[in-house]
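Report on the structure given below.
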Protein chains: 2
Amino acid sequence: MSRGDHDADRRRLLRAGAIAGVGAGIGAGAGVLGAGAVRTREDALGRTAAGSAADAEAAPTALIGEETIPFHGTHQAGIATPAPAHAVFLGLDLRPETDRDAVLRMLRVLTDDAARLTAGTAPLADTEPELAAAPARLTVTVGFGPGLLQRAGREAPAWLAPLPAFAIDALRPELGDGDLMLQVGAEDPLALAHAARMLLKGLRGAATVRWRQQGFRRAHGTVRPGTTMRNLFGQVDGTANPQPGTPAFDRAVWIPEGPFAGGTSLVLRRIRMDVDTWDELDRTGREEAMGRRLADGAPLTGGGEHDAPDFAARTENGFPVIAEFSHVRRARGVDAADGGQVIFRRAYNYDVAPDPGGAEISESGLIFASYQADPRAQFLPIQERLAELDLLNQWTTPIGSAVFAIPPGAAEGEMLGQSVLE
Amino acid sequence: MSRGDHDADRRRLLRAGAIAGVGAGIGAGAGVLGAGAVRTREDALGRTAAGSAADAEAAPTALIGEETIPFHGTHQAGIATPAPAHAVFLGLDLRPETDRDAVLRMLRVLTDDAARLTAGTAPLADTEPELAAAPARLTVTVGFGPGLLQRAGREAPAWLAPLPAFAIDALRPELGDGDLMLQVGAEDPLALAHAARMLLKGLRGAATVRWRQQGFRRAHGTVRPGTTMRNLFGQVDGTANPQPGTPAFDRAVWIPEGPFAGGTSLVLRRIRMDVDTWDELDRTGREEAMGRRLADGAPLTGGGEHDAPDFAARTENGFPVIAEFSHVRRARGVDAADGGQVIFRRAYNYDVAPDPGGAEISESGLIFASYQADPRAQFLPIQERLAELDLLNQWTTPIGSAVFAIPPGAAEGEMLGQSVLE
């Protein structure tokens with residue numbers, strides 16, 4: 001790696017740090033920073049973000065475990081903030097007896113527990129406080145299903161409903177829907193497990209767990225910061241995402257007005273990937289199905305990963321270089337100034353034990369989490385195009401589906417969902 | 001943290017690096033080193049282990065993903081080498097038609113695949129080579145059940161059999177036993193998922209998956225290197241372990257003679273932990289059940305985590321400070337020069353979705369992996385004492401159990417298990 005690459009990485013890191021700060025609605029001074037220029041709780045006073053050789057000498061044990069992502073802000077954390085290695089998505093059903101008052105009580109406890117845990121402080125009822133001490137960039141993001149809003153006597157946004165059925169779907173009800181959603185993310189799996197348990201413990205008087213989906217990306221420090229994730233097909237996954245901190249991101253993701261202003265929507269799809277039959281396809285076939293090169297994620301029309309595909313390019317024989325049936329062509333949104341068909345995806349791989357007695361050696365796939373201001377205008381047209389024609393459909397099957405409304409972030413002293421429910 | 005602590009940490013790191021080299025039967029020059037003094041594949045020539053400010057400046061992007069642990073050596077990797085954040089244990093049954101020749105063919109493929117994957121090189125049949133490129137300290141450890149030795153026409157060691165039944169057990173056959181065991185560990189969950197799949201792909205003509213157990217410890221960089229792990233009860237777990245690289249470790253773990261010389265045995269127990277009822281116990285009750293302080297793992301008779309418990313100490317009222325029923329007193333082995341009742345544990349936490357419809361909010365526990373030269377002389381007496389009386393039994397239930405013989409490591413060009421099977 002050349003010196004120039006190092007400098008570019010460092011600039012990208014600093015930008016990511018500033019972006020995280022803006023995204024969470026706070027000054028860059030408290031933002032989360034990349035590896036090598038970390039800001040720990042013990043060290044949050046005078047250091048500059050860039051660091052220096054002297055800093056590196058003085059703090060050889062800077063730990064990802066001590067890093068925090070601010071909980072309070074204009075937007076909830078866990079969306080514009082960098083995706084950590086581990087995430088668990090929890091879908092809950094409210095108990096029959098949980099009325100509006102109980103919903104509000106539950107959310108106040110949830111807000112308080114989440115604020116403490118993400119700061120590395122044990123919640124009031126935590127009997128294992130030592131497990132809360134290293135939050136490792138923990139984030140907690142809360143979403144509402146239509147049932148919660150109804151229970152609280154509030155009208156749900158028109159888009160807050162199950163997606164229409166698609167011919168490609170094989171949905172399992174036990175993997176979808178729900179009244180309340182918690183998305184918990186962290187760089188450390190023990191911090192994640194403890195936080196998820198503490199949050200559920202605080203909720204269990206008011207709600208029961210409907211489903212639980214856990215996924216992973218690369219561990220912190222495995223590849224260079226800013227590297228686009230790979231899924232279990234080996235594909236570079238998420239290249240076309242808008243970048244947090246840009247006007248395109250803000251336009252695509254944040255709801256501009258109404259009670260959910262500053263919030264967003266989450267479409268969560270559990271997509272089973274048939275790795276065994278994918279394995280039977282040769283490399284050229286795989287690249288044509290995707291429309292991108294496997295090695296670096298660049299479009300088949302050339303350039304680098306982040307260069308635009310040239311959908312008009314043709315081979316010598318007159319065929320499109322990027323095939324009509326390819327995923328990249330079918331998925332491509334229109335980045336119009338009015339929001340267009342742009343979504344922000346923050347997906348996680350899953351790989352769990354296959355059903356006993358089956359022939360499969362793995363049960364793998366993608367927890368596809370898509371955030372957008374309006375799922376009907378942004379997510380749905382893309383999904384309709386993909387369901388109609390996308391070569392990848394041959395090896396993928398949506399088996400779970402849910403839509404949630406994500407309220408804006410809470411200021412200190414506020415309850416999550418206050419603008420929506422009060 | 002004081003400067004003195006930093007220096008102590010650094011010395012511990014260097015010692016751990018040297019130990020890993022010795023443990024794997026190779027020179028310290030190729031050993032795996034701790035964070036902050038890493039040795040990457042690109043950088044394996046002239047650097048010293050200690051590093052310097054200049055090194056730190058020249059290599060700001062040293063990545064855990066690029067670190068490797070040598071596969072070849074006197075002992076298999078994954079036992080004396082530092083336990084990484086993620087591990088999956090796979091139990092396999094040989095297919096009925098798999099005869100001695102097929103067993104040997106399978107092991108030759110397995111040895112080749114494991115050697116390549118752990119070096120960050122894709123196996124020959126790998127159709128997603130990009131997923132093999134960042135091994136992140138990947139290790140593959142292979143164990144034999146009695147069925148494999150029988151199929152290969154070799155006599156099993158007398159201790160290679162299921163443990164006797166204990167009154168505390170509630171074993172599920174689908175979580176135990178098997179003809180072949182793969183233990184795959186890595187700091188990165190994607191590297192782990194890919195390696196496990198590639199290994200199973202190479203095996204599937206000869207064997208089927210019987211069980212799969214995945215677990216975690218702290219992610220790399222979450223806490224300081226050398227910190228003893230915590231389990232999901234919040235307990236410091238594994239303090240009494242012998243330290244790799246010491247004569248006590250070698251005596252306890254490695255089989256001294258016979259076809260398995262340089263190998264060891266693995267007792268794998270899946271221990272469910274009832275976190276909900278544990279939560280109902282107050283902090284004093286928890287510490288008395290364990291015999292150690294929760295905050296730092298020190299024995300209740302004082303000192304630090306690694307100070308010896310004073311089992312003779314009594315309270316003013318004449319009761320033992322460390323109760324008769326406490327786990328630490330019951331588990332304590334006798335470190336005699338002849339091997340004694342010493343085991344080496346390298347456990348992993350698990351936390352999975354509870355059974356649907358149940359009242360639990362989590363299904364948690366410990367994948368207890370214990371290595372010792374002779375399970376009958378070392379593991380069994382401890383287990384018998386614990387089964388007879390250990391207050392922790394109230395909150396823990398063994399639900400899976402298996403014993404495997406771990407053959408010694410392979411030299412380059414050798415097949416794993418060669419000394420046993422040829």
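Values in this text are rule-based calculations from the coordinates and carry no lab data. As the structure is a computational prediction, the values presented were derived from the model and not from experiment. With ideal geometry, Cβ positions are generated from the backbone for all residues, glycine too; neighbour counts draw on all protein chains shown.
Peptides B:411-417, A:192-198 ranked from most to least packed by the mean count of surrounding Cβ atoms within 10 Å: A:192-198, B:411-417.
Among B:80-89, B:254-263, B:289-298, the peptide with the highest mean count of other Cβ atoms within 10 Å heads the list, and the full ranking is B:80-89, B:289-298, B:254-263. Backbone phi angles across region A:92-100, fed through the Karplus curve with coefficients 6.51, -1.76 and 1.60 (θ = phi - 60°), yield HN-Hα couplings of 10, 9, 5, 5, x, 8, 6, 9, 3 Hz in residue order; Gly and Pro are listed as x.
Projecting 7 Å from Cα along the Cα-to-Cβ direction, the label point of residue B:150 sits 5.8 nm from its equivalents in the other copies, listed shortest first.
What FRET efficiency comes out for the pair residue B:307/residue A:95, r = Cβ-Cβ distance, R0 = 56 Å, nearest 0.05? My answer for the efficiency is 0.70.
The stretch between residue B:324 and residue B:388, if pulled fully straight at 0.36 nm per residue, gains 21.9 nm over its current Cα-Cα span. Computed on region B:148-236, the Cα convex hull volume stands at 166 Å³ per residue. Remark: mean inter-chain Cβ contacts per residue of A:189-201 equal 5, using a 10 Å Cβ-Cβ cutoff to other protein chain atoms. The eigenvalues of the Cα gyration tensor, multiplied by 5 and square-rooted, give region A:64-202 an equivalent ellipsoid with semi-axes of 27, 19, 14 Å from largest to smallest.
Per residue, the convex hull spanned by the Cα atoms of region A:226-332 amounts to 136 cubic angstrom. Mean partner shielding of peptide B:208-217, defined as the number of other chain Cβ atoms within 10 Å of each residue Cβ, is 4.
Mean separation of Cα pairs under 8 Å and 6 or more residues apart, divided by the residue count, gives region B:275-410 a relative contact order of 20 percent. Peptide B:123-135 is shielded by partner chain Cβ atoms: per residue, an average of 4 of them sit within 10 Å of its Cβ. The string of couplings for region B:235-250 from the Karplus curve (6.51, -1.76, 1.60, θ = phi - 60°) is 7, 5, 10, x, 4, 7, 4, x, 8, x, x, 9, x, 4, 5, 4 Hz, one whole number per residue in order, with x for Gly and Pro.
For residue B:162, the point set 7 Å out from Cα toward Cβ sits 4.3 nm from its twins in the other copies, listed from shortest up. Each Cα pair of region B:349-422 feeds into the Kirkwood radius, which the Stokes-Einstein equation turns, at 4 °C and 1.567 mPa s, into a diffusion coefficient of 81 µm²/s. Taking every C-alpha pair closer than 8 Å and separated by at least 6 residues, the mean separation divided by the residue count of region B:88-203 gives a relative contact order of 42 percent. Across all directions, the average flat footprint of the convex hull enclosing the Cα atoms of region B:272-422 is 13.4 nm². Give me the net charge for the shell around residue B:175: Cβ to Cβ below 12 angstrom, other residues only, Lys and Arg +1, Asp and Glu -1. Cβ neighbours under 12 Å give a net charge of +3. Label point of residue A:121 (7 Å along Cα→beta-carbon): distances to the other copies' equivalent points are 5.4 nm, sorted ascending.
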